[in-house]
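Peer 1: What follows is a structure written as structure tokens; I'll ask about it next.
Laboratory data are not the source of any read-out in this text; all were calculated from the coordinates shown. Predicted model only: the values in this text are computed from it and were never measured. Ideal geometry is used to build each Cβ from the backbone, glycine not excepted, and the neighbour counts take in all protein chains shown.
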Amino acid sequence: MVNKTLATVTEAVAPVFDGATILLGGFGDPGLPGQILEALRLQGAKNLTVVHNGSGGGTHSLGGLIHDGKVKKLIASFPSNPGNQSFQERYLKGEVELELVPQGTLAERIRAAGSGLGGFFTPTGAGTDLAAGKESRVIDGREMIFERALHADFAFVRAYRGDRLGNLNYRMAMRNFNVPMCTAAKHVVAEVDELVPVGSIDPENVHTPGIFVDHVVQVARHPEYLKITTEGR
Amino acid sequence: MVNKTLATVTEAVAPVFDGATILLGGFGDPGLPGQILEALRLQGAKNLTVVHNGSGGGTHSLGGLIHDGKVKKLIASFPSNPGNQSFQERYLKGEVELELVPQGTLAERIRAAGSGLGGFFTPTGAGTDLAAGKESRVIDGREMIFERALHADFAFVRAYRGDRLGNLNYRMAMRNFNVPMCTAAKHVVAEVDELVPVGSIDPENVHTPGIFVDHVVQVARHPEYLKITTEGR
Amino acid sequence: MSLTRDGIAYRVACDLPEGSYVNLGIGIPTLVSGYIPAGKDVFFHSENGILGMGALAQPGHEDPDLINAGKQYVTLNPGASFFDHPTSFSMIRGGHINFAVLGALEVAANGDMANWRTPGEKVPGVGGAMDLAFGAKNVLVTMTHVTNKGKPKILNKCSLPLTAPHCVKRIYTDMAVVDVTPEGLVLREFAPGLDPQTVQSKTEAPLRVAADCKEMNVPPKFHAAQPTT
Amino acid sequence: MSLTRDGIAYRVACDLPEGSYVNLGIGIPTLVSGYIPAGKDVFFHSENGILGMGALAQPGHEDPDLINAGKQYVTLNPGASFFDHPTSFSMIRGGHINFAVLGALEVAANGDMANWRTPGEKVPGVGGAMDLAFGAKNVLVTMTHVTNKGKPKILNKCSLPLTAPHCVKRIYTDMAVVDVTPEGLVLREFAPGLDPQTVQSKTEAPLRVAADCKEMNVPPKFHAAQPTT
């Protein structure tokens with residue numbers, strides 16, 4: 001019997017190695033694997049490359065990892081939210097590298113990796129500073145730039161419900177980057193609000209089929225992510 | 001108040017013009033817009049380019065359109081099913097052109113068009129006869145070929161439930177090509193089993209959001225597509 | 001005279017036709033949804049995976065899983081849907097969003113727009129703005145007509161890094177409504193109490209005055225004595 | 001002696017590990033799912049958008065919306081899911097499918113495989129086979145060892161248009177189990193009553209005989225007196 005469940009988030013992050021590339025799910029709090037992030041912070045791996053839409057909170061979540069100096073490089077679309085002090089301080093000191101990617105291009109590069117594609121041509125960014133050094137061509141009368149697939153060693157996400165086969169269901173705005181991220185890493189772990197028996201998630205409403213997921217761990221949301229707040233993450 | 005519903009499939013196909021490119025949904029019977037197809041056959045537009053996984057039944061569905069000589073070109077992955085006599089007869093006489101595309105590449109080219117991408121690099125087909133004339137390059141150590149986005153004038157699909165805003169929900173294996181096809185045409189019409197009030201489809205289970213759909217028409221399934229059959233379509 | 005920030009948003013809302021799919025950027029654009037009349041179907045898209053977003057959530061009624069792209073707690077209208085980021089940006093990049101209403105730092109006479117990086121800003125961030133500027137069918141800009149130092153923001157040429165070239169269709173400011181056309185900028189409307197000459201004096205790029213150019217029709221509650229900042 | 005078609009399928013089923021994600025092509029591969037022991041979790045994928053497919057539907061219990069890629073009516077196992085074609089081929093092309101079991105017309109010593117176009121076939125059709133041959137982590141071929149004219153199908157070089165180069169990992173026939181390795185073909189097993197020399201005599205490409213090469217362990221009901229066609 002296949003059983004992809006783990007008992008603790010500590011096990012979830014155990015295989016993370018120095019220098020690993022990590023896809024970190026969530027947009028704002030929905031879908032952010034807050035407990036895995038705290039476990040990762042304790043786990044100690046360093047020189048990490050993290051792919052995430054933003055740059056995390058002040059000294060918690062991704063901000064905590066950056067604060068601790070574990071992150072070598074961030075690949076993000078919006079790391080400049082005023083609340084992201086940890087990233088911003090280290091970035092301005094040259095202690096963390098940044099690859100800035102438009103949000104849609106970021107999502108699509110991750111999807112391309114998970115889908116076995118090498119890359120794609122997109123209009124977004126053509127003729128701007130973000131096209132610097134990128135191949136471009138005119139397709140159907142429009143200038144487009146080439147963007148490469150973005151693969152990773154690990155993906156960590158949060159879902160609403162999961163089962164022992166790795167099937168995941170998200171709630172409301174939790175899907176965001178998590179759906180493509182689960183497809184694009186060698187090792188994928190989801191923390192979930194609720195672990196449910198196989199068959200409980202309607203086959204029509206499985207947003208991430210189990211084939212993409214290695215492990216599922218049921219854990220209460222990190223208290224930091226239940227706060228109703230207007231602070232940026 | 002927005003109301004995308006149409007009363008008849010005749011209205012659904014009225015705008016189709018000679019020489020139009022049509023994305024035709026369905027894989028086998030699930031998701032095939034059988035009533036729209038019959039209406040299209042009566043409508044009379046000719047020199048059509050049709051994009052569909054197969055080549056239709058004998059003298060009904062897409063097979064009927066081909067039988068009547070309305071189709072100039074077929075873009076398909078599997079037009080060779082033994083049941084597809086209409087296509088096969090005309091193809092062997094040189095009366096209909098064929099662009100053969102691997103099934104995954106076909107789906108992805110349609111998705112690329114709907115997503116505003118110009119094209120992508122895929123490993124599928126590299127080094128085979130289907131790569132003839134196509135640009136290729138090595139990405140991450142693997143030979144890949146360039147495939148272009150596939151745009152269309154019309155997309156016709158069948159869904160299970162729809163509402164007046166164009167939101168669609170599919171049942172079981174009906175989703176197939178229909179989801180990407182709804183994104184990739186200038187004019188999109190879905191025939192549905194049931195037209196439901198706005199709000200009846202759970203926001204988590206809208207498979208095609210209304211933004212992609214121009215019209216919805218409630219119509220019983222074409223009797224031909226309720227037959228339990230093992231004949232290829 | 002000029003318009004308040006809400007006045008600018010109100011003026012934009014008047015132009016959004018029934019049935020349109022609209023993405024609102026942060027700042028003044030966020031205010032637009034508050035001025036769509038009840039019963040008019042306008043569908044708001046949030047790039048984090050929501051179509052059919054409603055008003056901001058009332059305090060005490062927030063759902064932690066229901067936020068907009070600006071991380072504000074929101075509500076849903078009937079007929080809404082959820083989806084993932086690739087699908088959300090298929091909507092944007094694929095030209096399915098009819099209107100993107102974006103804030104801008106500078107707009108040029110040829111429709112170039114800059115909104116993602118100021119010279120003093122040390123940490124860059126682009127978010128979804130670039131995809132919206134390239135992908136939406138119509139890009140509408142809302143901004144104050146001049147900077148808080150009084151300098152024009154509608155320029156002959158942008159000085160800041162571009163978000164997208166040739167993307168802006170119409171500019172809404174506290175002083176004017178200006179169209180970007182192949183023949184250059186056209187002044188369509190001026191704020192109550194102003195006149196075309198005054199608007200031109202605050203605009204670096206030359207404005208052609210439309211034959212039917214007129215004073216904006218905006219309720220007095222949106223009028224401001226001072227320029228908006 | 002040789003194996004029946006069901007015997008080939010049975011032999012493949014023995015090799016599929018618990019927890020694997022498997023796509024079955026039409027023909028002999030379809031039979032494989034019938035030989036997975038109860039309680040062993042093997043997940044069957046159908047490229048038209050199903051993961052966790054069960055057995056064929058019983059007559060009278062068909063659901064018109066639930067078919068496999070071969071257009072047969074099927075059932076679902078608990079934990080199944082539905083999705084669209086792009087997602088389905090993300091699974092295939094992205095290397096998430098552990099095993100694709102495909103029929104073939106020819107396999108070459110270097111793992112080249114041809115299964116989509118015979119010389120006499122006038123209408124070509126490729127379907128999902130090419131994506132599977134390029135994308136699945138392991139491509140397993142099931143076929144009869146020789147054509148119905150008695151000609152070998154395991155060749156030095158394919159004569160038919162390739163489905164994919166260098167893709168096949170293991171070949172299961174009515175006569176043998178053969179691995180494709182960087183050093184060429186390796187004979188792992190031969191059908192009951194046969195021997196390596198006999199298998200080689202029906203194989204154009206040279207076979208190295210594995211040190212632990214043995215007779216297949218397949219129940220007698222799957223044994224056939226005549227070669228399978």
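Peer 1: Among D:Ser2, D:Ser33, rank each residue by its count of other Cβ atoms within 10 Å, from fewest to most, as a rough exposure measure. Don't skip to the answer; put the middle values down first.
Peer 2: Working: D:Ser2 24, D:Ser33 21.
The fewest-first ordering by Cβ neighbours comes to D:Ser33, D:Ser2.
Peer 1: Right, next: For the protein assembly as shown, what is the calculated [θ] at 222 nm in deg cm²/dmol (nearest 500), taking -39500 (n - 2.57) for each run of four or more DSSP H residues and dividing by its residue count? Intermediate results must be reported in sequence, preceding the final value.
Peer 2: Values: 22 runs with 170 residues, N = 924.
Mean residue ellipticity at 222 nm (helix-derived): -5000 deg cm²/dmol.
Peer 1: Something else about it: For a footprinting-style exposure proxy, rank D:His145, C:His223, C:His45 by other Cβ within 10 Å, fewest first.
Peer 2: Details: D:His145 25, C:His223 17, C:His45 28.
The fewest-first ordering by Cβ neighbours comes to C:His223, D:His145, C:His45.
Peer 1: Once the cut-off is 28 Å, how many percent of the Cα-Cα pairs in chain C end up in the long-distance tail?
Peer 2: Numbers: 7464 of 26106 pairs.
Of the Cα pairs, 29 percent sit more than 28 Å apart.
Peer 1: Just to check I understand the Karplus step: with θ = phi - 60° and J = 6.51 cos²θ - 1.76 cosθ + 1.60, what whole-Hz values come out for region B:28-39, glycine and proline as x?
Peer 2: Values per residue, Gly and Pro as x: x, 6, x, x, 7, x, x, 6, 5, 4, 5, 5 Hz.
Peer 1: May I pose another question? How many nm separate the modelled label positions at B:Glu99 and B:Ser200, each set 7 Å beyond the Cα in the direction of the Cβ?
Peer 2: 3.8 nm
Peer 1: Would you list which aspartates and glutamates come within 14 Å of D:Lys71, measuring only between C-alpha atoms, while excluding same-chain residues fewer than 8 positions from it?
Peer 2: Cα-Cα hits under 14 Å: B:Asp29, B:Glu231, D:Glu47, D:Glu62, D:Asp63.
Peer 1: Quick check: net charge around B:Leu92, other residues with Cβ under 13 Å of its Cβ, Lys/Arg +1 and Asp/Glu -1? Don't jump to the answer; show the numbers that get you there.
Peer 2: Working: positive: B:Arg90, B:Lys93, D:Lys122; negative: B:Glu89, B:Glu95, B:Glu97, D:Glu121.
Charge balance near B:Leu92 sits at -1.
Peer 1: State the Cα centre-to-centre distance between region D:55-97 and region D:157-220 in whole Å.
Peer 2: Region D:55-97 and region D:157-220 have Cα centres spaced 31 Å from each other.
Peer 1: Check each of the GluC sites (Glu not before Pro) in region A:118-214 and keep only those in coil by DSSP with at most 16 other C-beta atoms within 10 angstrom; list them in order. List each step's numbers first, then the result.
Peer 2: On the way: sites: A:Glu135, A:Glu143, A:Glu147, A:Glu191, A:Glu194, A:Glu204; in loops: A:Glu135.
Of the GluC sites (Glu not before Pro), the ones in loops of region A:118-214 whose Cβ has at most 16 other Cβ atoms within 10 Å are A:Glu135.
Peer 1: Could you tell me what percent of the DSSP beta bridges with both partners in region C:79-229 are antiparallel, to the nearest 5? Let's see the in-between values first.
Peer 2: Details: 13 of 29 bridges.
Among the beta bridges of region C:79-229, antiparallel pairing accounts for roughly 45 percent.
Peer 1: Still on this structure, please answer the following. Run through region D:84-180 and list the trypsin sites (Lys or Arg not before Pro) located in a DSSP loop whose Cβ has at most 12 other Cβ atoms within 10 Å. Write down the numbers at each step before the final one.
Peer 2: Working: sites: D:Arg93, D:Arg117, D:Lys122, D:Lys137, D:Lys149, D:Lys153, D:Lys157, D:Lys169, D:Arg170; in loops: D:Arg117, D:Lys122, D:Lys137, D:Lys149, D:Lys153, D:Lys157.
Of the trypsin sites (Lys or Arg not before Pro), the ones in loops of region D:84-180 whose Cβ has at most 12 other Cβ atoms within 10 Å are D:Lys122, D:Lys149, D:Lys157.
Peer 1: Sorted from fewest to most neighbouring beta carbons within 10 Å, what does the list B:Tyr170, C:Tyr73 look like? Write down the numbers at each step before the final one.
Peer 2: Numbers: B:Tyr170 28, C:Tyr73 20.
Ranking B:Tyr170, C:Tyr73 by Cβ neighbours within 10 Å, fewest first, gives C:Tyr73, B:Tyr170.
Peer 1: Moving on. Could you work out the local net charge near A:Val179, counting Lys and Arg as +1, Asp and Glu as -1, over the other residues with Cβ closer than 9 Å to its Cβ? If you can, show how the numbers build up before the last one.
Peer 2: Working: positive: A:Arg111, A:Arg175; negative: C:Asp84.
So the surrounding residues net to +1.
Peer 1: Okay, moving on. May I ask you to list the lysines whose Cα is less than 25 Å away from that of B:Lys186, ignoring any residue fewer than eight positions away on the same chain?
Peer 2: Counting by Cα, and skipping residues close in sequence, B:Lys186 has these lysines nearby: B:Lys4, B:Lys46, B:Lys70, B:Lys72, B:Lys73, C:Lys40, C:Lys137, C:Lys169.
Peer 1: Only bridges whose two residues both fall in region C:78-156 count here: according to DSSP, what percent of them are antiparallel, nearest 5? Intermediate values should be presented prior to the final figure.
Peer 2: Working: 3 of 10 bridges.
Just about 30 percent of them are antiparallel.
Peer 1: I want the antiparallel fraction of DSSP beta bridges within the protein assembly as shown, as a percent rounded to 5.
Peer 2: Values: 69 of 171 bridges.
Percent antiparallel among DSSP bridges in the protein assembly as shown is about 40.
Peer 1: While we're looking at this one, here's another question. Can you work out the Karplus-derived ³J(HN,Hα) for every residue in region A:106-113? Use 6.51 cos²θ - 1.76 cosθ + 1.60 with θ = phi - 60°, whole Hz, and x for glycine or proline.
Peer 2: 4, 4, 6, 5, 5, 4, 4, 4
Peer 1: Any idea what the dipole of chain B comes to, in debye rounded to 20, about its Cα centre with Lys/Arg Cβ at +1 and Asp/Glu Cβ at -1? Write out the running numbers ahead of the final one.
Peer 2: Details: 23 positive and 25 negative charges, 28 e Å.
For chain B, the charge dipole is close to 140 debye.
Peer 1: How far is helix D:5-15 tilted, in degrees, relative to the longest principal axis of the Cα atoms in chain D, given as a value from 0 to 90 rounded to the nearest 10?
Peer 2: Result, in degrees: 80.
Peer 1: Under 21 Å Cα to Cα from C:Lys149, which lysines show up? Leave out anything in the same chain fewer than 8 places away.
Peer 2: C:Lys149 reaches C:Lys122, C:Lys157, C:Lys202.
Peer 1: Hey, with R₀ at 45 Å, roughly what FRET efficiency would B:Arg137 and C:Ala211 work out to, going by the Cβ-Cβ distance, to 0.05? Walk me through the intermediate numbers first.
Peer 2: Numbers: r = 54 Å, r/R0 = 1.20.
With a Förster radius of 45 Å, E is 0.25.
Peer 1: Let me ask something else about it. For C:Asn156 and D:Asp63, FRET efficiency with R0 = 56 Å and r from the beta-carbon atoms, rounded to 0.05? List each step's numbers first, then the result.
Peer 2: Numbers: r = 65 Å, r/R0 = 1.16.
Efficiency computed from Cβ-Cβ geometry: 0.30.
Peer 1: Dipole size in debye (nearest 20) for region C:1-134 around its Cα centre, Lys and Arg Cβ +1, Asp and Glu Cβ -1? Mind dumping the intermediate values first?
Peer 2: Numbers: 7 positive and 13 negative charges, 49 e Å.
Value, rounded to 20: 240 debye.
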